[in-house]
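Enquirer: Below is the structure I would like to discuss, written out as C-alpha cells.
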Amino acid sequence: FSPRVMPGLGLGYGELRKVNPRLVMTSISNFGQDGPYRDFKAGDLVLYAMGGAMSSTGLPDREPIRMPGNVIQYQAGTVAAAATMGAFLVARYQGVGQHVDVPIFETQLGSSDRRTTFLLGYQYHGLPAAREPPAGTPVGGIYPCADGYVAFLSVPAMLPRFLDMVGRPDLMTDPHFASPTALLSPETKEFIHELLLPWLLARTRYEVMAEAQRARFPGMAVLSPGDLVHDPHFEARGFWVEISHPVAGTFKYPGPPFRMAEGGWQVRRPAPLLGEHNEEVYCGELGYSPADLAKLRERGII
C-alpha cells in the first residue's frame, strides 16, 4: 500500500499499537513512509533507475538497462523479511513492538552493484566508463567458448592460477602484471581478453570448467534449463524425477532443493488436470453431494 492507505482506513500503526503494544507491522512502499518522494508512484523501472543500480547494467557503449523480471521486488521482500524477523525477536524477548518501514527505493541503493562506484571513479580520473569489472581483477564476467558461455570470478591474487589455467605461467613477469596500477589499465584488460578468448573458443564449457578446477581458478559453465537436465552432477545425485502425465506423457521434473535423511519432500505426481480433483474438493471438503456435483457439470459451471 502507499503510505496514506492504512492510516486512511484507521489502521495506521499508531492506532493498532493501542490495541497491541507488542505489534510488529511492516510497511513496504515505493519510497518510504515519509520524505519528499513519499507519495510518488513508481514501478520496477523507476525504482531500479532512481536507486542507482541501473547505471551498472548494460553494455559500456549503450544506454543503461534494467534487469528482467521482478528482481527489485524480490530484493525488497528479502530485506523486509529480515527486518521483520529482527523486530519480531525484539517484541518476543523485550515486549516492545515497532513499525518497520521498507522503502523499495532504498533497498536498491543498498544492493547496487559495486561497479556503480567504479563509474563514479572514472568520471573523476578520466578513464572511459565501463559497466563491467575493471582490469584490477585478472578476469571476470561472462565469456564465449566453443559451445556456449562460461563465467569467471576472481581477485588479483588469483592471477597465477589464471595464467596456469590458460597454459601461460611464463607471463607472470609480463609488464602488464607488474604492479596494481598496471593491472588497472585498459591495455591490461585488452591483453587478457586477447589471451583468453582464443583459448576459450577452442574448448567446450565443461572442458573450460575442468581446466579451471585443475588450476583452482573460479570458473564455471553457464547452463540453460535444457542443459541442466543433462548436467552430470544433477544426474549423479538423481535430482531429476520422471513423472508420467496422463495427457503430456512422461517428463523429468526437478526434485526438492534440499534432502533429509528420513523421507522429506518428494515429487510424487504431476500437476492435476482441469477438474481432476473436483470430487475430492466439492464433496470431500465443501460438503456437496455427488448429485450436486453432477448438476454443476450439467450446467457448465465446472
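Values quoted throughout were computed directly from the atomic coordinates according to the rules given, and no laboratory measurement underlies them. All figures in this text were calculated on a predicted structure; none of them were measured in a lab.
Enquirer: Once you keep just the Cα pairs under 8 angstrom separated by 6 or more residues, what percentage relative contact order results for the range 163-289? Display every interim value, and only then the final one.
Expert: Numbers: 82 pairs, mean separation 14.9, N = 127.
Worked out over the range 163-289, it gives 12 percent.
Enquirer: For a test of the definition: using alpha carbon positions, the gyration tensor, and the 1.5 limit on a/c, classify the range 141-222 as rounded, prolate or oblate.
Expert: Working: a/c = 1.93, a/b = 1.66, b/c = 1.17.
Prolate, since a/c reaches 1.5 and a/b exceeds b/c.
Enquirer: Please enumerate, by chain and number, the lysines with C-alpha under 25 Å from the C-alpha of Lys41, excluding those fewer than 8 residues away in the same chain.
Expert: Filter leaves no residues.
Enquirer: Students often forget the sequence filter, so: which aspartates and glutamates lie under 16 Å Cα-Cα from Lys189 once same-chain residues fewer than 8 apart are removed?
Expert: List returned: Glu132, Asp174.
Enquirer: Another one. Run down the aspartates and glutamates and flag those whose C-alpha is under 14 Å from the C-alpha of Lys252, throwing out any fewer than 8 positions away in its chain.
Expert: Asp227, Asp231, Glu235, Glu242
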